[in-house]
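> First, the structure itself, so that you have it in front of you.
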Amino acid sequence: MKYYSLNNKSHKVSFEQAVVEGLAPDRGLYFPENITTLPDSFFTNIENFSNEEIAFEAIKQFVGEEIPENELKHIIKETLCFDFPCVPVEENVFSLELFHGPTMAFKDVGGRFMSRCLGYFNRDKDIRNTVLVATSGDTGGAVASGFLGVKGVEVVILYPSGKVSDIQERQLTTLGQNIKALEVNGVFDDCQDMVKKAFLDESLKHKNLTSANSINIARWLPQMFYIFFAYKQLKKYNKPIVFSCPSGNFGNICAGIMAKRLGLPIAHFVASTNANDTVPRFLEKGSYEPKPSVATISNAMDVGNPSNFIRIQELYHNDLKEFEKDFSSYSYTDTETEAAIKDIYSRTNYIAEPHGAVGYLGLKKEMAKQPDSIGVFLETAHPIKFLDVVEPLLGLKLPIPKQIESVLGKEKIRTKISTYQDLKDFLN
């Protein structure tokens, strides 16, 4: 499999190069040259396959022969070491819980898969890669956990000061070893801009930089897995399925659309956003006009210029009419999000966190247009990571899961920076 830059289709690289580079030299995101639909028999019999078997079939064409089949299966087994249940919330509405992994966020899947791919590529090399990653919330913790102790890899995580929850911050600042955290005086977009600039900086070539944000194909593509797993669980209802993804950098929903390109029969996708409404405005006006991100209670979605949207446009060949058949996007305020958390709990006893609540709102709006469907909203992180929001709203005390207990008593170790030069000085 070859990958081309979305800024220059003549620039093509291998899977390994795309993973190691993260971003093309022209700042383009990498995209697979070919997408081969899986056979109908696979979907007809999907309930008879294990999650590991499903994941292998979904990803193998994108890896090709660069990782041997047995090794790829081993990587998948280590990646999928937890459950992905579709939990019934109300009639025809399910929560796809993606928070049962080591850092209690959906990004555990991509973080673990990418770290093991990079570890395989480094197995016989006497070099070091620096994984440089910006986080608006959960990416940092998942990448830190996934790469902790991986041979030949140093991880540097940039996060916006005061704009991630205390637990999220602890998950990326307390591990030590090969994990370093930089607290940036700014917003997530500032962190992401610094990372992208570093990739193009010739003076940092010796650091062998790569990204573990969803711009990296090894972080992004495995996010297809749990869309397949959800379909496997819900196929028995024999109804059209609508997926609503709380969307920040648009990696999850882009992976879902890729799953549909592979043949997964999904009726519709909803990109549910908070006040950072670049994509809903695009669908309304037809022009893509990013704005600086604003802080919300669903902080992992505080992205003003979502990187993966260009991949979605590529999947639809930049045909807006085709795009709109499969895709809707709606924006919600913090006030609406808080009201949804309270409403869901009062009616169903289900505890949603802010991102899941935004996903729920978008799902319900779309299902009103498609009343014969069943709907899935993604719960992308455990409510405990947003206890400052959830506990006062619901008037309860959340029990602390064992994954979180392990970081609560540890000292936060981070370096504060304000400018790109500060980042360069740290890396050098």
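> Give the number of residues within segment 135-168 that are open to solvent by 20 Å² or more (accessible area, probe 1.4 Å), of a type outside the set (A, V, I, L, M, F, W, C) and out of contact with any strand residue (DSSP E or B) (no Cβ under 7 Å at 6 or more places or on another chain).
Here the count works out to 7.
> OK, next. Can you tell me which residue among Val20, Val13 is more than 18 Å from Met224 (Cβ to Cβ) and within 21 Å of the chain's Cα centre (by Cα)?
Only one candidate qualifies: Val20.
> Here's a follow-up. Report yes if some residue within segment 326-339 is in a strand (DSSP E or B), of a type outside the set (Phe, Trp, Tyr) and open to solvent by 20 Å² or more (accessible area, probe 1.4 Å); otherwise report no.
yes
> Take residues that are of a type outside the set (A, V, I, L, M, F, W, C) and over 20 Å from Gly251 (Cβ atoms) and tell me which of the strands (runs of 3 or more DSSP E) falling wholly in segment 1-71 contain 2 or more.
8-14
> For residues in segment 363-405 being closer than 22 Å to Phe225 by Cβ and of a type in the set (Gly, Ala, Ser), which is farthest from the chain's Cα centre (by Cα)?
That would be Gly375.
> I want to confirm something. Restricting to segment 155-209 and keeping residues that are of a type in the set (Lys, Arg) and assigned to a helix (DSSP H, G or I), which single residue is farthest from the chain's Cα centre (by Cα)?
The extreme case among them is Lys205.
Residue-wise test of (1) touching a Lys or Arg at 6+ places or on another chain (Cβ under 8 Å); (2) among the basic types (Lys, Arg).
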position	(1), (2)
Lys125	no, yes
Gly140	no, no
Gly146	yes, no
Ile157	yes, no
Pro160	no, no
Thr174	yes, no
Ala181	yes, no
Asn185	yes, no
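> OK, next. If you go through segment 38-54 one residue at a time, how many are under 23 Å from the mean Cα position of the chain (by Cα) and not aliphatic (A, V, I, L, M)? Show your work before the answer.
Quick first cut of segment 38-54, residues under 23 Å from the mean Cα position of the chain (by Cα) only: 50-54.
Now restrict to residues that are not aliphatic (A, V, I, L, M): 50-53.
Counting residues in segment 38-54 that are under 23 Å from the mean Cα position of the chain (by Cα) and not aliphatic (A, V, I, L, M) gives 4.
> Among the residues of segment 269-286, count how many are in contact with a helix residue (DSSP H, G or I) (Cβ under 8 Å, 6 or more places away or on another chain) and not in a helix (DSSP H, G or I).
The total comes to 9.
> Of Phe225, Phe229, which residue is in contact with a helix residue (DSSP H, G or I) (Cβ under 6 Å, 6 or more places away or on another chain), of a type outside the set (A, V, I, L, M), at pLDDT 95 or above and surrounded by fewer than 24 Cβ atoms within 10 Å (Cβ to Cβ)? Steps first, answer last, please.
Details: Phe225 fails: surrounded by fewer than 24 Cβ atoms within 10 Å (Cβ to Cβ).
That would be Phe229, the only listed residue that is in contact with a helix residue (DSSP H, G or I) (Cβ under 6 Å, 6 or more places away or on another chain), of a type outside the set (A, V, I, L, M), at pLDDT 95 or above and surrounded by fewer than 24 Cβ atoms within 10 Å (Cβ to Cβ).
> Hey, another quick one. If you take the residues of segment 194-213 that are out of contact with any Phe, Trp or Tyr (no Cβ under 8 Å at 6 or more places or on another chain) and charged (D, E, K, R), which of them is surrounded by the fewest Cβ atoms within 10 Å (Cβ to Cβ)? Show your work before the answer.
Keep residues of segment 194-213 that are out of contact with any Phe, Trp or Tyr (no Cβ under 8 Å at 6 or more places or on another chain), which gives 195-196, 199-208, 210, 213.
If we keep only those that are charged (D, E, K, R) as well, we get 196, 201-202, 205, 207.
Working: Lys196: 18, Asp201: 14, Glu202: 6, Lys205: 9, Lys207: 18.
The extreme case among them is Glu202.
> Determine, yes or no, whether Ala181 is at pLDDT below 85 and either in contact with a helix residue (DSSP H, G or I) (Cβ under 8 Å, 6 or more places away or on another chain) or open to solvent by less than 10 Å² (accessible area, probe 1.4 Å) (or both).
No, not satisfied.
> Sticking with this one: Any idea which residue in segment 406-421 is nearest to the chain's Cα centre (by Cα), counting only those that are free of Cβ contacts under 8 Å to residues at least 24 places away in the same chain and under 19 Å from Ser161 (Cα atoms)?
Initially, segment 406-421 is screened for residues free of Cβ contacts under 8 Å to residues at least 24 places away in the same chain, giving 406, 409, 419, 421.
Next, only the ones that are under 19 Å from Ser161 (Cα atoms) stay: 419, 421.
Details: Thr419: 26, Gln421: 28 Å.
The residue in question is Thr419.
> Of everything in segment 258-292 that's in contact with a strand residue (DSSP E or B) (Cβ under 9 Å, 6 or more places away or on another chain), of a type in the set (Gly, Ala, Ser) and open to solvent by less than 30 Å² (accessible area, probe 1.4 Å), which residue is farthest from Gly359 (Cα to Cα)?
Ala271
> How many residues does segment 81-123 hold that are in contact (Cβ under 8 Å) with a residue 40 or more places away in the chain and assigned to a strand (DSSP E or B)?
Residues meeting the conditions: 10.
> Further, regarding this structure: Among the residues of segment 50-99, which ones are open to solvent by 70 Å² or more (accessible area, probe 1.4 Å) and under 28 Å from Ser244 (Cβ atoms)?
Glu52, Glu53, Cys81, Asp83, Pro88, Glu91
The values are calculated or read from the model by the stated rules, or taken from the named source; none is laboratory data. Computed from a predicted model, the values in this text were never measured in an experiment. All Cβ positions, even for glycine, are placed from backbone atoms using ideal geometry, and neighbour counts span all protein chains on display. We work out accessible area using only protein heavy atoms, side chains counted, and drop any ligands, DNA or RNA first. Shrake-Rupley method; radii C 1.70, N 1.55, O 1.52, S 1.80 Å.
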